[in-house]
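Here is the structure we will look at, set down as structure tokens.
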Amino acid sequence: QVQLVESGGGLVQAGGSLRLSCAASKSIFSINAVGWYRQAPGKQRELVAIIRQGGRTTYADFVKGPFTISRDNAKNTVDLQMNSLKPEGTAVYYCYANIDDLAYWGQGTQVTVSS
């Protein structure tokens, strides 16, 4: 098991940047994959970015380029740097961890992008 706590959400104007951070309650070095999903009102939760143990990353097509995911195994954190934000990026962003094919989620952090 792992507890995940997100921080860094907020209100930003279109074109601005935010950095989300997720703190894990255990060492993330041994976690298969950690990352971020988001859920906009009335829509399904969708992948934003994932980073695996070996450092391999997967990004949703809509964030390639402006977003960067990183993990700090010493601090047990996973960060998502979001640049050039658009209004359609308004959503609750959730930290995610996959441990032995079980999914764990944080409580979510709200990101609102104003036009």
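If you count only protein heavy atoms with a 1.4 Å probe, what accessible area per residue comes out for the chain, rounded to a whole Å²?
Working: 6070 Å² over 115 residues.
I get 53 Å² per residue for this part.
Note down the relative contact order for the chain as a percent, whole number, built from C-alpha pairs under 8 angstrom at least six residues apart. Working shown, then result.
Values: 286 pairs, mean separation 42.5, N = 115.
Relative contact order of the chain: 37 percent.
Provide the gained length on full extension for the span S70 to A103, in nm with one decimal, where the gain is 0.36 nm per separating residue minus the Cα-Cα distance.
Numbers: separation 33, 0.36 × 33 = 11.88 nm, distance 1.91 nm.
Here the segment from S70 to A103 would lengthen by 10.0 nm.
Let me know the Kirkwood hydrodynamic radius for the chain, please, with Cα pairs as the basis and the value in Å to one decimal. Can you show the working numbers first?
Values: mean 1/r = 0.0717 Å⁻¹.
About 14.0 Å, per the Kirkwood formula over Cα pairs.
Any idea what the relative contact order of region 72-115 is, in percent, if you count C-alpha pairs under 8 Å spaced at least 6 apart?
Working: 45 pairs, mean separation 17.2, N = 44.
Contact order relative to length: 39 percent.
Nearest 0.05, what FRET efficiency do S27 and K86 give at R0 = 35 Å with Cβ-Cβ as r?
Values: r = 35 Å, r/R0 = 1.00.
For R0 = 35 Å, the calculated efficiency reads 0.50.
Order of 80-92, 96-108 by packing, highest average Cβ count within 10 Å first?
Values: 80-92: 17.6, 96-108: 14.5.
With the highest mean Cβ count within 10 Å placed first, the list reads 80-92, 96-108.
Quick one: pull the percent of accessible area on the chain belonging to carbon and sulfur, 1.4 Å probe, ligands and nucleic acids left out. Could the numbers behind the result be given before it?
Values: 2910 of 6070 Å².
That fraction is 48 percent.
The values are calculated or read from the model by the stated rules, or taken from the named source; none is laboratory data. Bear in mind the structure is a predicted one, so any value in this text is a computation, not a measurement. So basically every Cβ, Gly included, is an ideal-geometry build from the backbone, and we count neighbours across all protein chains shown. Surface areas here come from the heavy atoms of the whole protein model, side chains and all, with no ligands, DNA or RNA. Shrake-Rupley method; radii C 1.70, N 1.55, O 1.52, S 1.80 Å.
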